[in-house]
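S.K.: Pasting a structure here, questions to come.
The values are calculated or read from the model by the stated rules, or taken from the named source; none is laboratory data. Quick caveat: nothing in here was measured; it's all calculated off a predicted structure. Virtual Cβ from ideal backbone geometry, glycine too; neighbours counted across all protein chains shown.
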Amino acid sequence: MGQVLFDYTRQDATGTSCTAHAWAKVPEPLGPEERLAWKERAAKLLQRHDAVLVAHYYVDGDIQDLALETGGCVADSLEMARFGRDHAGRTLVVSGVRFMGETAKILSPEKRVLMPDLEATCSLDLGCPPEDFARFCDAHPDRQVVVYANTSAAVKARADWMVTSSCALAIVNHLREQGQKVLWAPDRHLGRYIQEQTGADMLMWNGACIVHDEFKGLELDLLKAQHPGAKVLVHPESPKSVVEQADVVGSTSQILNAVLKSDAQTFIIATDNGLLHRIRQLAPTKTLIEAPTAGSSATCKSCAHCPWMAMNALQGVVQCLERGSGEVHVDEPVRSQALGCIDRMLDFVARNPAATQKPGLVKNIGAA
Ligand code: 13P
Ligand code: SF4
C-alpha cells in the first residue's frame, strides 16, 4: 500500500514571515463600550443589506455572538458551506478564512460574498499551490483526487472530491470500499489519520496547519497525568503523538458535541482556542483546558490561535458592509470546475447523515 508523501515545503508556507504579517494585521482588542457600539452598528448593517453572518468557531467571540444574535451561524467548515448555500440572504458575510469565502461563492454565485479581511488565509492553502498540485495529479491519473476544504478554488477545480474534517473518514472509507486509490492533499496529519483508520491506499501531499502542528504529545502526556479524569478531544490536523492520546478525534463541531454529550467534567482540547468561547457558552459548568503547544525549548507561531482567523474583527464586518470591500470573486471556469467536488461531498453527506454525526476514534467518554 503506497503512502508516499509528495514533498512540498515552501519557506513562506509555514515560516514566520507569513504569520508575522497576519499577526500585524490583527486589530487591537476593543474596550467593552466600543465592542457594544461596533456590534450594534454591524447588526444594523446586516439588516439593511439583507446580509447574513456565517462565522467559524475560531473567530472573535463577539463576531460569533453577533452571528447567532442576527440569525446567522457559528459552525465548522462543512456547516458553514451548507448554511451559506441554503440561506435566502442576498449577501453572505463570511467570517473565517479565504477558502471558506470561496466555497460560499462557488456554491452561491448569485450572492454577494464579503469577508472582513480577504488576506485571511490558511497555511494549508498557502502550502498547496495549484500549479504544483496539478503536476502531482497529472503524475497519478489512476487515483481519485480528494482535497481538504482548506484549499484554493483552483486546487478544488482539479479534485474529484472535497472533504472537511467532519466527513473525511466516511468519504475515504467509501472510496476504499469501491476499490479506489486516493491522492490526498494537503494536510499530512489528517491524511495519515484517515489512512490509519480506513486502510485506504493514499498518496499524500506534505502540508500542515501551523496551529495544530504545534500541539505537543510529550507535554500532553504530562498534562494528562495532572488531570487523570480529563477526556482528551483532538482535531485530526494534530500530529500523531497527540491524536494517539485522544478520547475523541473530530472536527470543531464534533469536539463541541463531545463535550455536550459526555458526563465527564474536565476536557483537554487540542484545537484552536477560539472554539472554547462557544463551548463555554453551551457547557458553562465544564472545565476546559487547552492542550500544550510549547515544551521547555519550543516556541510557537500560533500558540493555539490561528493568526488568519484572528484577523477577523467587528470593525472588519462593519467595513465590508459599509464599503462593499472584501468581496470574494471566483472566476469561471474555475468556479464551475470546483463546484463538482463540493457538490459530490454535499450529496454524500445528505445521503449519509451518520457520516458527520460520529467523530472517529471515540473511546469511552461516558455518555457520548
Ligand atoms: P473544521 O471543519 O473542523 O471547523 O476545521 C476547519 C479548520 O480550519 C480547522 O483548522
Ligand atoms: Fe488553516 Fe490551521 Fe488556521 Fe484552520 S487553524 S484556517 S487549518 S491555519
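For (1) of a type outside the set (A, V, I, L, M, F, W, C); (2) touching a residue at least 12 places away in the same chain (Cβ under 8 Å); (3) under 21 Å from G340 (Cβ atoms), each residue gets a yes or a no:
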| position | (1), (2), (3) |
| --- | --- |
| Q144 | yes, yes, yes |
| A154 | no, yes, yes |
| Q180 | yes, yes, yes |
| L183 | no, yes, yes |
| E196 | yes, no, no |
| N206 | yes, yes, no |
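S.K.: Return only the number of the condition from (1) more than 16 Å from ligand 1 (Cβ to nearest atom); (2) within 19 Å of S251 (Cα to Cα); (3) touching a strand residue (DSSP E or B) at 6+ places or on another chain (Cβ under 8 Å); (4) not hydroxyl-bearing (S, T, Y) that L275 does not satisfy.
M.R.: Checking L275 against (1) more than 16 Å from ligand 1 (Cβ to nearest atom); (2) within 19 Å of S251 (Cα to Cα); (3) touching a strand residue (DSSP E or B) at 6+ places or on another chain (Cβ under 8 Å); (4) not hydroxyl-bearing (S, T, Y), the one that fails is (1).
S.K.: Quick one: which of V94, V113 is within 28 Å of C18 (Cα to Cα), within 15 Å of ligand 2 (Cβ to nearest atom), surrounded by 19 or more Cβ atoms within 10 Å (Cβ to Cβ) and modelled with pLDDT of 95 or more?
M.R.: Being within 28 Å of C18 (Cα to Cα), within 15 Å of ligand 2 (Cβ to nearest atom), surrounded by 19 or more Cβ atoms within 10 Å (Cβ to Cβ) and modelled with pLDDT of 95 or more holds for just one of V94, V113, which is V94.
S.K.: Which numbered condition trips up L260, out of (1) farther than 20 Å from G217 by Cβ; (2) within 16 Å of ligand 2 (Cβ to nearest atom); (3) not basic (K, R)?
M.R.: So L260 meets the others, but not (2).
S.K.: Now, a different point. When residues of region 310-343 are filtered for being within 19 Å of the chain's Cα centre (by Cα) and part of a helix (DSSP H, G or I), how many remain?
M.R.: The qualifying residues number 6.
S.K.: Here's another thing I want to ask about it. Any residue at all in region 279-297 that is modelled with pLDDT under 95 and within 16 Å of ligand 2 (Cβ to nearest atom)?
M.R.: Checked region 279-297: at least one residue is modelled with pLDDT under 95 and within 16 Å of ligand 2 (Cβ to nearest atom).
S.K.: Kindly indicate whether A200 is in a helix (DSSP H, G or I), assigned by TED's automatic domain parsing to the domain that holds A350, of a type outside the set (V, I, T) and away from ligand 2 (no atom under 16 Å from the Cβ).
M.R.: On the way: in a helix (DSSP H, G or I): no; assigned by TED's automatic domain parsing to the domain that holds A350: yes; of a type outside the set (V, I, T): yes; away from ligand 2 (no atom under 16 Å from the Cβ): yes.
It is false that A200 is in a helix (DSSP H, G or I), assigned by TED's automatic domain parsing to the domain that holds A350, of a type outside the set (V, I, T) and away from ligand 2 (no atom under 16 Å from the Cβ).
S.K.: Identify, from the list G229, G191, G217, the residue that is within 14 Å of ligand 2 (Cβ to nearest atom) and without any contact (Cβ under 8 Å) to a residue 40 or more places away in the chain.
M.R.: None of the others qualify; the one that does is G191.
S.K.: Just checking: which of the strands (runs of 3 or more DSSP E) contained wholly in region 73-188 hold 1 or more residues that are hydroxyl-bearing (S, T, Y) and more than 13 Å from ligand 1 (Cβ to nearest atom)? Spell out how you get there, then give the answer.
M.R.: Details: elements: 73-75, 91-95, 112-114, 144-148, 161-163, 182-185.
Fully inside region 73-188 and qualifying: 91-95.
S.K.: Still on this structure, I have one more. From D201, D247, grab the single residue that is more than 23 Å from C128 (Cβ to Cβ), among the charged types (D, E, K, R), away from ligand 1 (no atom under 16 Å from the Cβ) and touching a Lys or Arg at 6+ places or on another chain (Cβ under 7 Å).
M.R.: Of the residues listed, the single one that is more than 23 Å from C128 (Cβ to Cβ), among the charged types (D, E, K, R), away from ligand 1 (no atom under 16 Å from the Cβ) and touching a Lys or Arg at 6+ places or on another chain (Cβ under 7 Å) is D247.
S.K.: Report yes if V317 is over 21 Å from A24 (Cβ atoms), crowded, with 21+ Cβ neighbours inside 10 Å and touching a residue at least 12 places away in the same chain (Cβ under 8 Å), otherwise no.
M.R.: no
S.K.: A further question on this structure: Being among the hydrophobic types (A, V, I, L, M, F, W, C), within 14 Å of ligand 2 (Cβ to nearest atom) and not assigned by TED's automatic domain parsing to the domain that holds D272 narrows it down to one of A157, A149, so name that one.
M.R.: Testing whether each residue is among the hydrophobic types (A, V, I, L, M, F, W, C), within 14 Å of ligand 2 (Cβ to nearest atom) and not assigned by TED's automatic domain parsing to the domain that holds D272 leaves just A149.
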